[in-house]
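The values are calculated or read from the model by the stated rules, or taken from the named source; none is laboratory data. Computed from a predicted structure; not experimentally measured. Every residue, glycine among them, receives a Cβ derived from its backbone with ideal geometry; neighbour counts consider all protein chains shown.
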Amino acid sequence: MGIFPRCSVGDQEAKGTGDDGAFFETFEGLIHKYGITVDRPKGTSHPRFPDLIYPIDYGFINNTQSQDGEGIDIFIGDNGGAGIVGIICTVDSVNGDSEVKVLYHCTEENIRTALKMMNNGPMRGILMKRKTIPIKK
């Protein structure tokens, strides 16, 4: 039997017993090492789907690669000191792929907004929320 991180699907939540610190610290290390590019600022439309408007800043972690061959996707929220608060794991039934979307500096409202965006049309996403958010001094 494996150890699973705490995950949320809509209003449903499954709690695991694993220590998620090292997992999220690895993403933090990538951000600190390579930086972030915001290529879709809040209020802009998706390049291929103009009706899809980004509700919060969206971009990628530089010099990384996700399953789609592009940089690891990241939502950047309004809580400047929070760091990585979780990830959204997505699956797209049209493209037949899955990805992770990092949630960086996101408030609870930012998380709900991003999760709603990722559960639109053929795409479905679940939230893996970080158990302990490190306090930045």
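A single entry from 118, 123 fulfils the requirement of being within 15 Å of the chain's Cα centre (by Cα) and at pLDDT below 90: 123. Could you check, for the range 12-26, whether at least one of its residues is touching a helix residue (DSSP H, G or I) at 6+ places or on another chain (Cβ under 9 Å) and outside any helix (DSSP H, G or I)? No. Taking first residues from the range 59-71 that are at pLDDT 90 or above and partners that are surrounded by fewer than 17 Cβ atoms within 10 Å (Cβ to Cβ) and of a type in the set (Gly, Ala, Ser), the Cβ contacts under 7 Å between residues at least 6 apart in sequence or on separate chains come to 62/35. The set of residues in the range 1-49 that are under 18 Å from residue 100 (Cβ atoms), hydrophobic (A, V, I, L, M, F, W, C) and at pLDDT below 95 comprises 4, 7, 9, 14, 22, 23, 24, 27.
Scanning the range 79-120 for residues that are part of a loop (DSSP other than H, G, I, E, B) and either of a type in the set (Val, Ile, Thr) or in contact with a strand residue (DSSP E or B) (Cβ under 9 Å, 6 or more places away or on another chain) (or both) yields 79, 82, 83, 93, 94, 95, 105, 106, 107, 119. Somewhere in the range 69-76, is a residue crowded, with 20+ Cβ neighbours inside 10 Å and in a loop (DSSP other than H, G, I, E, B)? No: zero hits.
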